[in-house]
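Remarks on the structure that follows.
The values are calculated or read from the model by the stated rules, or taken from the named source; none is laboratory data. Everything numeric in this text was worked out from a predicted model, so none of it was measured. Here Cβ is always computed from backbone atoms with ideal geometry, including for glycine, and neighbour counts include all displayed protein chains.
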Amino acid sequence: MAGDLRALFALGAELLLRAVRYKQMESHRILASLRPTQEHATLSANKVRERVSFAFNLIVRVQYKIPQGGWFEHVSGPHYFAEIMLYFGLVVVRRFALSQLYVARCNRNLTIRDFPCRLTWVWVTTNLLITARRTHQWYRTKFDNYPKQRKALVPFLY
């Protein structure tokens, strides 16, 4: 019975982490699609100058757009939200794996061994909360028609 529960948990965690990773990649694809396109030729020594020239001209001609689609309909930084969820999922999976290991070894103190993983999640979350808030503020100041219902990081909340 306990083995079935562990297998079910592992399967659920795997599916959730894969779904979140997919949404993160989708968000990056949406952002990348907002850039102007250029044929990507293999860089040879004589073409480096042309690419650099193009890059400097691009800076002058850049036009910003509001990302649309996917989780961008709800938040300004869906890739940040997905990253936080991925780290949280890793904390949960690691905690579960360690608890199974230490239950078998006389139930030693698990909190101390799990602390670095939790601290990493707190650092990533704090960093991305600040970044998402600043990104959201930038979008609001740059675009008059930016969707009012769109939150910074967590759909429907923040």
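Annotations
- Qualifying residue in region 80-99 (condition: in contact with a Lys or Arg (Cβ under 7 Å, 6 or more places away or on another chain), at pLDDT 90 or above, buried (at least 16 other Cβ atoms within 10 Å of the Cβ) and over 22 Å from LEU16 (Cβ atoms)): no
- Residue within region 136-157 that is surrounded by 13 or more Cβ atoms within 10 Å (Cβ to Cβ), of a type in the set (Val, Ile, Thr) and at pLDDT 95 or above present: no
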